[in-house]
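Worksheet for the structure shown next.
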Amino acid sequence: MKPWEDGLSAPHKRPLVLRILARVVLAVALLLLALAVFLAAAVRHPANGETTLLGRPAYSVMSGSMSPTIRTGDLIIDQTLTSAQAAELHKGQIITFQAAANSSTGGLVITHRIYAVVHEESATGAPVVAYRTKGDANNSPDVSTVPSSAVLGLYTGTRVPFGAYVLSTLHQPVTFIVLVMIPILYIAEELVRRKWMDLGDREMARRARAQGAGQNQ
């Protein structure tokens with residue numbers, strides 16, 4: 001027995017506000033899904049552990065030591081440097097480097113500004129170029145110097161605000177599943193609702209014909 005056979009009203013359209021809200025949610029979900037697919041194709045995680053975006057080194061900033069130039073949660077895209085280029089940098093440039101394992105930062109990947117260029121000697125006595133670095137928001141330079149061989153990339157100003165958070169969230173399997181399910185559920189609900197309305201219209205038309213036939217008798 002259909003609901004309207006018990007005297008209930010036939011199915012009707014959803015309020016305009018709900019229709020607009022549903023379409024906005026659908027559009028946002030499809031946009032994020034497209035972004036997730038793009039990132040899955042564009043982001044690479046090679047064996048050396050360095051994340052790349054469209055072939056360029058990409059790093060998630062997880063501290064505010066470079067604020068306001070680079071903020072927590074930003075995704076920065078660096079320029080790749082050769083060994084020779086890494087040894088010819090100057091004061092004021094921003095570099096990403098691998099901190100020494102025995103340093104106070106314990107081998108972390110850090111992005112700081114070059115505070116000074118220094119010339120040191122390697123264990124064999126050969127001269128090497130190193131950099132004294134400092135976070136823009138820090139009061140003093142970093143304790144350890146950075147040899148040019150530890151430089152991973154040069155920051156040239158390309159960053160995605162909050163991109164690190166977005167990248168991390170979209171790479172979660174549960175996020176991808178939710179983004180896929182939203183349009184599927186929307187389409188399923190739309191098909192069911194239209195079918196329900198069609199059945200209601202047919203029932204209303206049948207009743208009208210039956211009522212008309214009864215009046216003609």
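Considering only alpha-carbon pairs that sit under 8 angstrom and 6 or more positions apart, the relative contact order computed for the range 46-161 is 29 percent. Using the Stokes-Einstein relation with a Kirkwood hydrodynamic radius computed over Cα pairs, the translational diffusion coefficient of the range 46-161 at 10 °C and a viscosity of 1.306 mPa s comes to 110 µm²/s. The stretch between residue 37 and residue 149 holds 36.8 nm of extra length on full extension. This uses 0.36 nm per residue minus the Cα-Cα distance. Residue separation of residue 211 and residue 23 scaled by 0.36 nm, minus their Cα-Cα distance, works out to 63.8 nm of gained length.
Values quoted throughout were computed directly from the atomic coordinates according to the rules given, and no laboratory measurement underlies them. From a predicted model like this one, the values you see are computed outputs, not experimental measurements.
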